[in-house]
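Please treat every number below as a calculation from the coordinates, not as lab data. Not measured: the values here are computed from a predicted model. When we count neighbours, we look across all protein chains shown, and the Cβ atoms used for this are built from the backbone with ideal geometry, even at glycine.
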Amino acid sequence: MTTAPQHTLEIRNLHVTVETPEGVKEILKGVDLTIRSGETHAIMGPNGSGKSTLAYSIAGHPKYTITEGSVTLDGEDVLEMSVDERAKAGLFLAMQYPVEVPGVSVSNFLRTAKTAIDGEAPKLRTWVKDVRGAMENLRMDPAFGERGVNEGFSGGEKKRHEILQMELLQPKIAILDETDSGLDVDALRIVSEGVNRAKETTGLGVMLITHYTRILGYIKPDYVHVFVNGRVAEEGGPELADRLEAEGYDRYLADA
Amino acid sequence: MRELAPLFADEPAAGHLAWTTSELPAGVSLTQVSEDDARTRTVRAPGDRASAVAVKHAGGAMALTFAANTVVDEPITIDLEGTGGDVRGHLLIEVGTSAEATVVITRTGTARYSELVSVDLADNASLNLVLIQQWDADAIHAGEVLARLGRDARLRGTVATLGGKVVRLNTSAAFAGEGASVDLFGLYFADSGQHQEHQLFVDHAVPHCTSRVTYKGALAGATARSVWIGDVLIRAAAEGTDTYELNRNLVLTDGARADSVPNLEIETGEIAGAGHASATGRFDEEQMFYLRSRGISEDQARKLVVRGFFADLIREIGVPAVESSLLNQIDSELAHVEEVIEHE
Ligand SMILES: Nc1ncnc2c1ncn2[C@@H]1O[C@H](COP(=O)(O)OP(=O)(O)OP(=O)(O)O)[C@@H](O)[C@H]1O
Ligand SMILES: [Mg+2]
């Protein structure tokens, strides 16, 4: 038996601001969170609490300014890295709203990304097979390979395409920002299987941002974090998710 | 445009472009024709000063003629190389009834060049005409393409303007018979110090003709300028007209400016469709972020986005060698952009 390599994403006291027309606004107000290989952390919280801001800040979106705190991957300073360096270091963000890139074919995009992440072009024969297999697993028609990236994809197709990339690029830690939103139950199962495959084969650590407990029936979380007003308000095991579903966030909002 | 002044000078010019032409198959001829012949065989009078000067002082024209029913599969290529100086040029392209051909004209080197290209498509003729402006950095070029389409004729015209200091290339297509169609594509890439202008005019004078105009440009560098003007006129008699024109510009750096003026004039209510769209936008940071979040470097991401922007248009050209050459040239344009951005 081999032991899967251990990786740790550590977020400490993270404060993040954005520019708004009304001036600079603090969105994240001291986030602490540690995700290790093989672990799944569900993040649940009301609209506007800053979940996507957390995800984008870790990925390095230029819109967000880090004013305090640290993010490290295996001790390396993530905040010092450019966006593409973060991906090469092993971080992956499945976006809530994946971006359309017209005219760039999915197959060209995937090959370019794989080459960048690995530092060398994948062997053509195995790569074509890998892509075809991964698309089949996600019930994506091979014709998607020739379409523009996310161009005219339905909401569900975009989410599957995010998971396809995750499976092919094999990151250490993945942040899934509402990958389950807007999926019908069949698509949800297919996407969840993809995440579970990655967990099994590569020991992927997962930050699973969601509004709904339904996905947690397919992807079992080890920890549940309640995210309110820019920070983690409570942490617990899977049972916390059920309580949130029953009671909502009122309890936390009252204190906030 | 001060730089264009020499092209308007009402006087002969000593210079010429060096011609290199691919082998001409049976049914195709390239001949020198006299001044009088040139004038009568030109589809209509020049529409601007530079092309009028070209016709007057070119000393006759070169005529590329396709006999009726000639079908040429391989593209005819004409390479025109400037070696400096003032040049007046007059070219006739005449495609006979039911003939089909592809002609690729590439301009390189340098010159101060005024020209008229007359395109005459007989009934049911089909021409794919590609004009590539790959001039050296100091070339000045003002050209006009005048096209006349007979009944059921098809013209696909592509203009690719990459080189030169000032290039103004106007295209005007007029329908003389019913059931004809034009597809006019253009791509341009203006760097600092380059001025590129493309004016289109499509004259729907007869019923049941179709026109599509699709021009896309990218601009980089503080003094890069482009002007696009697209005029479509649907005359009272032109029932059943179907037309659409589109211009999109991608501004890659601060300071570059793209002007875009679509204009549609409709004199009849009985049309099948008419529309236009124009958009000029900054480089999309969200697209860049998405690609880079997958490990793709900034340079490479920019390359993908710009290639993607032009990709559908380039695929329409239908001449594989030209398509891949243009994609490579866009890549090398982008190599300059990287230098510009690094110095900002
Ligand atoms: N660029 C921005 N400009 C102004 N406000 C912003 C910007 N980005 C985020 N915000 C604000 O920050 C807050 C947090 O937004 P964020 O998208 O992170 O929330 P979320 O928890 O992901 O919400 P949801 O559950 O709806 O996806 C919101 O109030 C949002 O309006
Ligand atoms: Mg969100």
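Among all residues of the range A:152-169, there is none that is assigned to a strand (DSSP E or B) and either within 22 Å of A:His41 (Cβ to Cβ) or free of Cβ contacts under 8 Å to residues at least 24 places away in the same chain (or both). Criterion first (at the interface with another protein chain (Cβ under 7 Å from one of its Cβ atoms), aliphatic (A, V, I, L, M) and either crowded, with 20+ Cβ neighbours inside 10 Å or outside any helix (DSSP H, G or I) (or both)) does B:Leu291 satisfy it? Yes.
Within the range B:313-324, the set of residues being more than 18 Å from B:Gly281 (Cα to Cα) and either surrounded by fewer than 17 Cβ atoms within 10 Å (Cβ to Cβ) or within 14 Å of chain A (Cβ to nearest Cβ) (or both) comprises B:Ile314, B:Arg315, B:Glu316, B:Gly318, B:Pro320, B:Ala321, B:Glu323, B:Ser324. Reported count of residues in the range A:85-113, each being more than 16 Å from ligand 2 (Cβ to nearest atom) and either within 26 Å of B:Phe310 (Cβ to Cβ) or facing another protein chain (nearest Cβ under 7 Å) (or both), is 16. Note on the range B:259-288: residues that are outside any strand (DSSP E or B), surrounded by fewer than 20 Cβ atoms within 10 Å (Cβ to Cβ) and within 14 Å of chain A (Cβ to nearest Cβ) amount to 4. A:Tyr56 meets all of the listed conditions (1) of a type outside the set (Asp, Glu); (2) within 14 Å of chain B (Cβ to nearest Cβ); (3) more than 16 Å from ligand 2 (Cβ to nearest atom); (4) in contact (Cβ under 8 Å) with a residue 24 or more places away in the chain but one, namely (3). Listed by position, the helices (runs of 4 or more DSSP H) enclosed by the range A:22-141 that each have at least 2 residues that are within 16 Å of ligand 1 (Cβ to nearest atom) are A:51-59. Picking from residues in the range A:1-12 that are away from ligand 1 (no atom under 16 Å from the Cβ) and either within 18 Å of A:Asp222 (Cα to Cα) or hydroxyl-bearing (Ser, Thr, Tyr) (or both), the one that is surrounded by the most Cβ atoms within 10 Å (Cβ to Cβ) is A:Leu9. Taking the conditions (1) away from ligand 2 (no atom under 16 Å from the Cβ); (2) crowded, with 16+ Cβ neighbours inside 10 Å; (3) within 14 Å of chain B (Cβ to nearest Cβ) in turn, A:His15 satisfies each one other than (3).
Scanning the range B:53-79 for residues that are part of a strand (DSSP E or B) and surrounded by 15 or more Cβ atoms within 10 Å (Cβ to Cβ) returns B:Ala61, B:Met62, B:Ala63, B:Leu64, B:Thr65, B:Phe66, B:Ile76, B:Thr77, B:Ile78, B:Asp79. Given (1) more than 16 Å from ligand 2 (Cβ to nearest atom); (2) without any contact (Cβ under 8 Å) to a residue 40 or more places away in the chain; (3) exposed (fewer than 14 other Cβ atoms within 10 Å of the Cβ), where does A:Gly48 come up short, assuming only one miss? Status for A:Gly48: all satisfied but (1). Screening A:Lys172, A:Lys220 for residues that are crowded, with 16+ Cβ neighbours inside 10 Å and either under 23 Å from A:Leu33 (Cβ atoms) or within 14 Å of chain B (Cβ to nearest Cβ) (or both) leaves exactly one candidate, A:Lys172.
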